[in-house]
Amino acid sequence: KYYQLSLSTYQHEYPEEEIAYIRNKLEQKYLAAQRFLPRREGRAPSFLDVGAGEGWALHYFGSKGWDCLGLDYSDFGCRTHNPASIGNLVVGDIYENINALLEQKRRFDLILLDNVLEHVLDPLALLRKIRGLVEDAGILIIEVPNDFSILQQHLLSHGYISRPFWLAIPDHISYFSREGLLAICDEAGWVTRDVLGDFPIDFNLFNEAANYVENRAVGKSCHGMRVAIENLLHSISPEKTNTLYRALAELGMGRQLIGFFQMKTGTNK
């Protein structure tokens, strides 16, 4: 539905600056993960994208020589935007394919759950299951919307917005703040290594002229501003941009949260 009908942020075509933005965000994740990943001698590092979507992460890590595999219910998005990565995509029920990988005893150095956890019926069960697919000292990256944040609650309680716009029923089943994301990962046997935010687009909601919740017509221009600013920051220094977003995450700010996790020592797979 998301890809074939161009719903949400997904599109049939992206302008070049949007493609640069997508790649820059992947570069930032890659750099943050590299701080914790051990060097694997004698083989290419392995990457699993659970919910691979349009295939951007498969393309990015594949271009770096990684051994890549993606799981998704549909190949439409990947076939449209990154057809060269279609051979690395397994289409079908994601849970069944995860179970198949577990039976094959497949292990991956880096696993990505990008805007997946908020959609699943039992995120705790999925986080526990994923443990069996990660290499020793491997990294799990989780990106989720930053919902019920301090900023959003402030905007609502002070009348800048008239409704909790972050509620996305029935698409989003679970909602995560920084504390909630870290707590559920801890319960599932993961230790937090790093947390990043991203551009706090909700700052626009303080400005009546840019309040995209009360006036949907300005939403596209607000997103365009985010893309331009993010690309500028990345062009200056992706490492310093991560430092900025690390601080924003600690403040509970940023529209998205990106957490980096490793298996707890002694946790059974």
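The values are calculated or read from the model by the stated rules, or taken from the named source; none is laboratory data. If you're wondering where the values come from, they're calculated on a predicted model, not measured in any experiment. Cβ: placed from backbone, ideal geometry, glycine included. Neighbour counts: every protein chain shown. The accessibility values were calculated without ligands, DNA or RNA, using every heavy atom of the protein model including side chains. Shrake-Rupley method; radii C 1.70, N 1.55, O 1.52, S 1.80 Å.
Data table
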{"read-out": "Probe 1.4 Å, accessible area per residue of the chain, Å²", "value": "48 Å²"}
{"read-out": "Carbon and sulfur %, accessible surface of region 85-202 computed with the full protein complex present, 1.4 Å", "value": "52 percent"}
{"read-out": "The chain: relative contact order as a whole-number percent, Cα under 8 Å and 6+ apart", "value": "20 percent"}
{"read-out": "Pairs of lysine residues in the chain - Cα separation under 23 Å, sequence separation of 8 or more or cross-chain", "value": "14"}
{"read-out": "Peptide ranges 75-81, 44-50 listed from the most packed, as the mean C-beta count within 10 angstrom indicates", "value": "44-50, 75-81"}
{"read-out": "Relative packing of peptides 180-190, 140-150 - highest average C-beta neighbours within 10 Å first", "value": "140-150, 180-190"}
{"read-out": "Where labels lie 7 Å past Cα in the beta-carbon direction, separation of MET225 and ALA137 in nm", "value": "4.5 nm"}
{"read-out": "Virtual spin-label span in nm between LYS264 and VAL191, 7 Å along Cα→Cβ", "value": "1.1 nm"}
{"read-out": "Separation of the GLN34 and VAL90 label points, Cα + 7 Å toward Cβ, nm", "value": "2.9 nm"}
{"read-out": "Linear extension gain, SER157 paired with LYS129, 0.36 nm per residue minus alpha-carbon span", "value": "6.2 nm"}
